[in-house]
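Participant: Before I ask anything, here is the structure I am working with.
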Amino acid sequence: MIRVLVADDHPIVRGGIVSLLTQADDISIVGEAADGAEAVRLALSLRPDLVLMDLRMPGLDGATATAHIVAAAAGIRVLILTTYESDDQILGAIEAGASGYLLKAAPQEEIIAGVRSVAGGQTVLAPSIAATLVQRVRRQSTAPRLSPRELDVLRLVGAGESNPDIAKSLFIGEATVKTHLLHVFEKLAVKDRTRAVTRAMELGLL
């Protein structure tokens, strides 16, 4: 039997997921959590094979809860089941240690199959999620390469700091800040600070 903990802050949605999974003869629901903190606590006490985790929950969000669970119990696998699919949310969940990412709108058979696959050690991604990740990797592979220091300067520009403030923050001279910015402008093919920041965000550099 695949022992599953379901974490979702919406009782009706959570009940629907539990009802769906209990239809499978090889899946057993060992617990339900209404938020991320409860998901972590129950995961560590119940030791399920898999946590089916929503992303947006009060208090501790799903990605942070996933990171805590994976760090504390490497044998527990996490499958994200959510309605959200922005680049940052997808990457955040995967970087936190999730082994799969499915959307709640997926066919019921796909969700059950995803639970089985992730519990069996595989990685599962909804087709739209996989396409999003491929596009992001392609963008990054063709993106200009900024040095760590150039990225530091650009992040501070994005935070609204002036050149003197950046120089103080990084313990460098103002002339050096200007030089870094000129290199950034050249690499990103932009002419001003604001466009440099937005362009870097478009390319996934920030």
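The values are calculated or read from the model by the stated rules, or taken from the named source; none is laboratory data. On a predicted model such as this, the values are computed, not experimentally measured, just so you know. We place every Cβ from the backbone using ideal geometry, glycine too, and count neighbours over all the protein chains shown. In case anyone asks, the SASA skips ligands and DNA or RNA and just uses the protein heavy atoms, side chains included. Shrake-Rupley method; radii C 1.70, N 1.55, O 1.52, S 1.80 Å.
For every residue, the table says whether it meets (1) touching a Gly at 6+ places or on another chain (Cβ under 7 Å); (2) of a type in the set (A, V, I, L, M); (3) without any contact (Cβ under 8 Å) to a residue 40 or more places away in the chain.
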| position | (1), (2), (3) |
| --- | --- |
| 32 | no, no, yes |
| 45 | no, no, yes |
| 51 | no, yes, no |
| 61 | yes, no, yes |
| 69 | no, yes, yes |
| 76 | no, yes, yes |
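Participant: Continuing with this model, one more query. Pick from the stretch 125-154 the residues that are open to solvent by 60 Å² or more (accessible area, probe 1.4 Å) and of a type in the set (Lys, Arg): which of them is modelled with the highest pLDDT?
Facilitator: So the residue we want is 149.
Participant: Being surrounded by fewer than 13 Cβ atoms within 10 Å (Cβ to Cβ) and among the acidic types (Asp, Glu) is the filter here; which residues of the stretch 155-201 pass it?
Facilitator: 186, 192 - these are the residues of the stretch 155-201 that are surrounded by fewer than 13 Cβ atoms within 10 Å (Cβ to Cβ) and among the acidic types (Asp, Glu).
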